[in-house]
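Visitor: Got a structure for you, written out below as structure tokens; questions coming shortly.
Here, each number is a calculation from the coordinates, and none is a lab measurement. Because the structure is a prediction, the values reported are computed rather than measured. Every residue, glycine among them, receives a Cβ derived from its backbone with ideal geometry; neighbour counts consider all protein chains shown.
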Amino acid sequence: MGRKRSKRAVRKVGFWKRWSGLLWKLAIVGLVLFAGLAVYLDAVVQEKFSGKRWAVPAKVFARPLELYAGQKLSRDDFVTELSALGYRSVSAVKQPGQMSVAGSRVDVYTRGFQSFEGSEPAQRISVRFSGQQVTGLSGNGEVVMARIEPLMIGGIYPAHNEDRILIRLDQAPPYLVEALVAVEDREFFQHFGVSPKGIARAAYVNVSAGGVVQGGSTLTQQLVKNFYLNSDRSLIRKGTEAIMAVLLELHYSKEAILEAYLNEVFLGQDGRRAVHGFGLASQYYFAQPLHELELHQVALLVGMVKGPSLFNPRRQPERAKKRRDLVIQMLEEQGVITEEQAGLNIAKPLDVTVRGTMADTSYPAFMDLIKRQLRADYQDEDLTSEGLRIFTSFDPLLQLKAEQAVETAFKRLGDRAGKEMEAAMVVTGAQTGEVLALVGGRNPRFSGFNRALDASRQIGSLIKPAVFLTALEQPQRYSLITPVDDSPITLPAEQGKTWSPQNYSRVSHGLVPLHEALSRSYNQATVRLGVDVGVDKVLQTVERMGVQHNWPAYPAMLLGSGAMTPLQVTDMYQTLASGGFNTPLRAIRNVLTAEGEQLSRYPFKVQQRFDSATIFLMQEGMSRVMAEGTGRSAYNQIPSDIRLAGKTGTTNDLRDSWFAGFSDDLLAVAWLGRDDNGQTRLTGATGALQIWSAFMAEAHPNSLSEVPPGDIGYAWVNRLTGEGSDPSCPDTVQMPFRAGYEPLPGPGCRPLIDTAPVKEGAGRVMDVIRGWLQ
Amino acid sequence: MDSKRIGLLAGCIMVLAGCAGSGGSIPVVDSGRPVSNEDMQSGAGMPAPTQQQTQPQQTDGGVVVLVPDGEGGSSAVESYPLDSAPISSQPSTQTPASSGGLQEDEQLAGPVLALLTSARQQESGGDLSSASASLERALRIAPREPQVLFRLAQVRLEQGDAAQAEQLAQRGLSYASGRPALQASLWGLVADARERQGNSAGAAQARERAKVAL
């Protein structure tokens, strides 16, 4: 036995001798390979974790809402915007993000923010309203002005991309970390990357539940999986994941790993945009900054980690609530919250924002404009990865009104609109040239053909102000009351043809004052005037107004056979609205880097193209369009004491219906037509003007200023003849003229001595004489 | 026994590998401030913003503007934002206790005045970009106020954009009828801007207009 044993031992030793060498070699080779792998993985782990961890798409913001006494803003609009920003209604405001509405007063605790215009502190203020105006602010003492943080209106993503709002761990709301650890990885703060205990427990739970209920992955492993690896489920990948998790824990603190996890985790899909991280999820589901979230909201997000689409609170509200309540119960079981807290929070609704409200809507037309402007100045890669912050002039309240105006007008038009009819609208600040709202089609949520920017259509009578402006620039020849001839005219046209323009009514009006030819949109008078001043001059005027074109100088151009997009029309009318100064339309105010550095400014720029006195006369003429001409139906919706200026546009066979007009503060251009250029059966007045008026009625525009610039003189003239007159005469009106070109006053019509009794006496005498003669 | 050794070795290698990496083992500090709405807030987790520069403060007087005179020197001109010291003699429709009985016109002037004051401070601190932002903000509130246009034109001139300075001053002039002192200042600025652009004849003309206005 002994021998045998020893023999066996010898044999064993021999065996070992023979094999151990090989095994050792194999082990060493394996170790070297393993070491190589580990070193490689380690480099991967560190490189990605220490560099710029995420490509963050640029975020686009609306204008910040300004508050000051005298600001035009109704209480309801204010509350609408605050709600969109996720301010919660409470009975008494105690912390940022809360508001309290009582009668004509709104108390709000603003959140404060930083922008290129300096930082705005978080503060408690009371805003008092009267009708459409803010009448006063008060806070800690008298507050002169305050701003509300701007609404985020979109981002710039490549076709398929992750979007996120980066947060720091210290911005996490109470219970977020506790809940996450409780639900996903209870040993997180104890383990070294992988948790055998966790795996064991998960296995036990899964077996006893008869299915996969709990995963054994630690938060670190989950982070590694999402951050470094693809999602296949092979064992090799599991192994790599475990090694990398351990390496990550070796290098970085639990806090750093947790913070990365909070920013990395996938929490939902928004069309082609993937919602990553708790920062963005908080905005996406609640329209609130993360740190403001309450326990029940935190629990919902944490519950969603397991399956963002399975527990989508908008699509699967019941399932999401069950999951959320389970998370709350787990917190209670672990003693993080009391039973009472759990009960209270389980009773709460999901509180997610409703799709389509201002808090959760898209503005494809405006975003399209922003992207085009940015792409001219930036590389695509910078826009989609550098986390730029883009501040724009977008006004969500005016946008809402513009969209509603389009909707209302379509409703009113009813069957006349038909299915094919489309619309576009541009709203800008009349003095600033900033784009405030943009509607690219009948369905403002549809991101496709952006008619406001790309539908180039004949402008019809919208061209006429350019004709009249060219004339008024010659004060020695033309004033608002110069008679112009509205009678049939035949002109040679291209290729030996002739052209005989007709008035819309097919009636000629003979000699009419210039302002009337404009306000009634008489074609024949306009063509005669245009030919008189020169078609080429008129086309030059169009360019000076801000629109470059390559139109041939045919007379037909005088009636708007040239095409423009709604945005170009806006550019053209902007020059009229802002006193003859061309201001390039702007939508972006500023671009900041992720670090808050100013990358580029888009400063306010002006260039004087026309004399302000001439423009003042044009505005007078165009205000008559509204008061007594083709635009007067606007006053069915807008108070008559608001002075407005505008022009209708209708093209041949009623294919396009245009209206462009402005108040002192707002310029709006509306278009109605069909994409196939078919007939609309609408004129500018029956179509686009209805949209425009509906918008202006809700926007409460400021009355157009009647304060004349220098170089304007007023004179009394006969309304019918245009000759100088006297206030005592009938049919006499006061008219503005270029100073120095006023007509001489006519003789008064009331003699110095009242002659009525004399006449009466004379009449009696005559009767007596007649009596004698008989 | 061997598996133990292997485990030990593996552990050693892991540690070695861990230490061998590029970054050292110090927890990484997230470089670069994150970009977010979060970040725009000064709420939880944010260091309280340093005392804001643009937080407007009500000042009691008008804004003192240094206006270059014809001889190239400068003189202080005291003027009031929003035309003419308050005209309104009618009592404000509502006089909340906190407003201190200010007339409505004065209240309206509040934000513009405050922003002009901020811009003045930013300008004297050499921060022309912020001064410009404040003035553009003021212009959005009072687009027809020539005083704001005048100040913006001044800042543009300092920023080296003489062409825009001239244009902005011209725009100011189009709203300044009936305000001779301001007209003179604006013409003076036009003159400077033209001089800067090498247009001395135009500058001389503008100086003439400045004198006439006064």
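Visitor: Inside 10 Å of the C-beta atoms of A:116-124, what's the mean count of C-beta atoms belonging to other chains?
Guide: Partner Cβ neighbours, averaged per residue: 6.
Visitor: Further, regarding this structure: What helices does chain A have that are whole DSSP H segments, at least 18 Å long along their own axis by Cα, and with mean Kyte-Doolittle hydropathy of 1.0 or more?
Guide: Long hydrophobic helices here: none detected.
Visitor: Could I ask something else about it? So, counting K/R as plus one and D/E as minus one, what does the shell of residues with Cβ under 10 Å around residue A:383 add up to?
Guide: Local charge sum for residue A:383: -3.
Visitor: Still on this structure, please answer the following. Thinking of the range A:58-153 as a set of Cα atoms, what percent of all their pairs are more than 24 Å apart?
Guide: 13 percent
Visitor: Just name one of A:192, A:354, A:327: the one whose Cα is farthest towards the positive end of the charge dipole of the range A:157-358 (beta-carbon charges, Lys/Arg +1, Asp/Glu -1).
Guide: Going by the Cα projections, it comes out as A:354.
Visitor: Moving on. Between residue A:601 and residue A:765, what is 0.36 nm times their sequence separation minus the Cα-Cα distance? Round to one decimal in nm.
Guide: Additional length available on full extension: 50.5 nm.
Visitor: Within 10 Å of each Cβ in A:463-470, how many Cβ atoms from other chains are there, averaged over the peptide?
Guide: 0
Visitor: How much length, in nm to one decimal, is gained on full extension between residue A:350 and residue A:207, taken as 0.36 nm per residue of separation minus their Cα-Cα distance?
Guide: The span from residue A:350 to residue A:207 would gain 48.3 nm if fully extended.
Visitor: What's the ranking of A:105-112, A:737-744, B:143-150 by average number of surrounding C-beta atoms within 10 Å, highest first?
Guide: Highest to lowest by the protection proxy: B:143-150, A:105-112, A:737-744.
Visitor: Give me the one-decimal nm value for the distance between modelled label points at residue A:238 and residue A:721, 7 Å along each residue's Cα-to-Cβ direction.
Guide: 10.5 nm
Visitor: Using +1 at the Cβ of each Lys and Arg and -1 at the Cβ of each Asp and Glu in chain A, identify which of A:720, A:568, A:79 lies farthest towards the dipole's positive end.
Guide: Among A:720, A:568, A:79, the one farthest towards the positive end of the dipole of chain A is A:79.
Visitor: Quick check: residue separation of residue A:477 and residue A:190 times 0.36 nm, minus the Cα distance between them. What number comes out in nm?
Guide: So the chain would gain 94.2 nm between residue A:477 and residue A:190.
Visitor: All other residues with a Cβ under 12 Å from the Cβ of residue A:542 taken together, and with Lys, Arg as +1 and Asp, Glu as -1, what is their net charge?
Guide: Charge balance near residue A:542 sits at +1.
Visitor: With an 8 Å Cα cut-off and a minimum separation of 6 or more residues, compute the relative contact order for chain A in percent.
Guide: It comes to 10 percent, rounded to a whole number.
Visitor: Among the listed pairs A:371/A:605; A:401/A:605; A:48/A:238; A:94/A:254; A:197/A:225, which have their C-alpha atoms separated by more than 24 angstrom in this model?
Guide: A:401/A:605; A:94/A:254
Visitor: A further question follows. Nearest 0.05, what FRET efficiency do residue A:17 and residue A:329 give at R0 = 51 Å with Cβ-Cβ as r?
Guide: That pair, residue A:17 with residue A:329, gives E of 0.25.
Visitor: Also: From other protein chains only, count the Cβ atoms within 10 Å of every residue's Cβ in A:259-272, then give the mean.
Guide: Mean inter-chain Cβ contacts per residue within 10 Å come to 0.
Visitor: In nm, give the distance between the simple-model label positions of residue A:636 and residue A:142, each being 7 Å from the Cα along the Cα-to-Cβ direction.
Guide: Roughly 4.7 nm, to one decimal.
Visitor: Along the Cα-to-Cβ line of residue A:627, 7 Å from the Cα, sits a label point; which residues in the range A:502-536 have backbone N less than 14 Å from it?
Guide: Under 14 Å, as judged by backbone N against the label point of residue A:627, lie A:515-516, A:519-520 of the range A:502-536.
Visitor: May I ask for the percentage of alpha-carbon pairs in chain A that lie more than 46 Å from each other?
Guide: 42 percent
Visitor: Could I have the simple spin-label model distance between residue A:25 and residue A:379, label points 7 Å from Cα toward Cβ, reported in nm to one decimal?
Guide: Between residue A:25 and residue A:379, the label points sit 5.2 nm apart.
Visitor: Mean separation of Cα pairs under 8 Å and 6+ residues apart, divided by the residue count of the range A:425-477: what relative contact order is that in percent?
Guide: 21 percent
Visitor: Given R₀ = 60 Å, FRET efficiency for residue A:412-residue B:201 by Cβ-Cβ distance, to 0.05?
Guide: The pair residue A:412/residue B:201 has a calculated efficiency of 0.55.
Visitor: Test of understanding: ordering A:266, A:659 by Cβ neighbours within 10 Å, fewest first, what list do you get?
Guide: Going from sparsest to densest Cβ surroundings: A:266, A:659.
Visitor: Round to the nearest 0.05 the FRET efficiency obtained for residue A:254 and residue A:130 when R0 = 56 Å and r is the Cβ-Cβ distance.
Guide: That gives a FRET efficiency of 0.50.
Visitor: Just want to confirm a number: the relative contact order over the range A:237-335, from Cα pairs under 8 angstrom separated by 6+ residues, in percent.
Guide: 18 percent
Visitor: Give, as a single signed number, the net charge of other residues whose beta carbon lies under 9 Å from the beta carbon of residue A:526, with Lys and Arg counted +1 and Asp and Glu -1.
Guide: Counting the neighbours of residue A:526, the net charge comes to +1.
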